[in-house]
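To keep things clear, I will list the structure first and then write my remarks on it.
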């Protein structure tokens, strides 16, 4: 990562909204990463959730061609060349259960603290 380049750690909601939206903050975040103005830092748990959501729900999203979303996602990943943060250790997830109310978000939180994006 070039010195001074900010990194962004989006959750799956930002990635999905950025893929589906024609414009908005979520789309802007992805555009900054695709242009490599900012470094995309992505947790493996977020990557997996986005890919599952695309496979399960693309047909229900408000887009003209649901199959195109997968192509857009692949292109985004190719352009951004994200830094991937591995799944947190299951023992760490259990030990930090009290940090957050919504348990499914805990692996994302622990991945973010491990990555320490700018």
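Just a few scattered comments:
- Spacing of the modelled spin labels on residue 22 and residue 101, each 7 Å from Cα toward Cβ, amounts to 3.6 nm.
- Model label zone, residue 72; criterion: amide N under 17 Å from point 7 Å along Cα-to-beta-carbon; scope segment 26-58: 26-35, 50-58
- The chain: calculated mean residue ellipticity at 222 nm from DSSP helix runs of at least 4, using -39500 (n - 2.57): -16500 deg cm²/dmol
- Computed FRET value (nearest 0.05) for residue 93 with residue 57, which takes r as the C-beta separation and R₀ as 30 Å: 0.75
- Candidates 47, 94, 74, ranked by Gaussian network fluctuation over the chain, Cα under 10 Å, top entry: 94
- Shape category assigned to segment 5-49 from the gyration tensor of Cα positions, a/c cut at 1.5: oblate
- Angle between the chain longest axis and helix 106-115 axis [Cα atoms, degrees, rounded to 10]: 90
- For the peptides 96-104, 21-29, the ranking by packing is 21-29, 96-104, with the highest mean count of neighbouring Cβ atoms within 10 Å listed first.
- Cα shape, the chain, gyration tensor, a/c 1.5 rule: oblate
Every number in this text was worked out from the coordinates using simple rules, so none of it is lab data. What you are looking at is a predicted structure, and each value in this text was computed from that prediction instead of being measured. Methodologically, a virtual Cβ is constructed for each residue, glycine included, from the backbone with ideal geometry; neighbour enumeration extends over all protein chains shown.
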